[in-house]
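Read the structure below first, then the notes.
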Amino acid sequence: MLSASPEDIKIPFRFVARRRVYKELETMNESAQIVDPVSHVMECFRLRGDSEYGKEAVSQIEHALQTAFAAEQMGGTPQFVAACLLHDVGHLLHDLPEDAPDKNIDDEHEQLGAAWLYEHFLPEVVEPIRLHVAAKRYLCAVDSEYFSKLSPPSVQSLELQGGPMTPAQAAHFESHPHFKSAIELRRLDDQAKIPNLETPPLSHYRDHLTQSLIVGPAK
Ligand SMILES: [Fe+2]
Ligand SMILES: [Fe+2]
């Protein structure tokens, strides 16, 4: 299991049971034993990566690649680059409508993505993903400039995600072992919404993903 989280940051995996997972991915999950986890993840992007990234001006795959590319450019470890690439994979795993936030529905994508990945990927990958919404709530609490620069869709989802942390929650969050990488990921995430920005293709990140597995690549 993923390591325990601060009790006052909303968490667990209760949603996994009640949320319908996208049908094509269900089929893919059934055959997962014959597909390595890296190929599995890349197939997920192939199937659903062209979908909208909320109301932002980029698609899900563009957003993922821009976040990973920014991490790579700042010299991030392969695991951090992989975390950046996969941070929103949870959005691709459910069949909630694109306008779910307008209906006051939080898709809890950070939890869904982490739950999908934790069996195969290292905690250095999974934990920043699981915490990237908490990181937004933290930054909104401690950095007024951060909040002022959030995109309108991000402000809308903030409310559904619990709003800014209280001082006690923020202090608690700072003690989490993956606090720093969650914050770093979040800051890159917020900037990765540039239309038509050129990035390496998804295949460029296969090695980063392979180096992020709990066990090594299949021999
Ligand atoms: Fe996200
Ligand atoms: Fe994101």
Under 16 Å from the residue 187 label point (7 Å along Cα→beta-carbon), backbone N, region 139-157
139-150
Could you name the aspartates and glutamates in cross-link range of residue 103, using Cα to Cα under 19 Å and dropping any fewer than eight places away on the same chain?
52, 56, 95, 159
GluC sites (Glu not before Pro) within region 115-219: which are DSSP loop residues with at most 16 other Cβ atoms inside 10 Å?
119, 198
Using only alpha-carbon positions, what ratio does the radius of gyration of region 16-210 give when scaled by 2.2 N^0.38 Å?
0.97
Answer rounded, prolate or oblate for region 34-85, using the Cα gyration tensor with square roots of eigenvalues a ≥ b ≥ c: rounded when a/c is under 1.5, else prolate when a/b is larger than b/c, else oblate.
oblate
List every residue whose amide H lies under 5 Å from the amide H of residue 121, counting only residues 5 or more places away in sequence or on a different chain, with H placed 1.01 Å from N in the peptide plane.
214
Treat each spin label as a single point 7 Å out from the Cα along the C-beta direction, and report the residue 77 to residue 180 distance in nm.
1.0
Once you list every other residue whose beta carbon is under 13 Å from the beta carbon of residue 98, what net charge do they have if Lys and Arg are +1 and Asp and Glu are -1?
-4
For region 62-128, just say rounded, prolate or oblate: build the C-alpha gyration tensor, square-root its eigenvalues into a ≥ b ≥ c, call rounded for a/c under 1.5, and beyond that prolate if a/b exceeds b/c, oblate if not.
oblate
Based only on other Cβ atoms within 10 Å, what is the fewest-to-most ordering of 205, 118?
118, 205
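Quick note: the coordinates plus some simple rules give every number you see, no bench work behind them. None of these values were measured; they are calculated from a predicted model. Glycine gets a Cβ as well: all are built from the backbone with ideal geometry, and neighbour counts include every protein chain shown.
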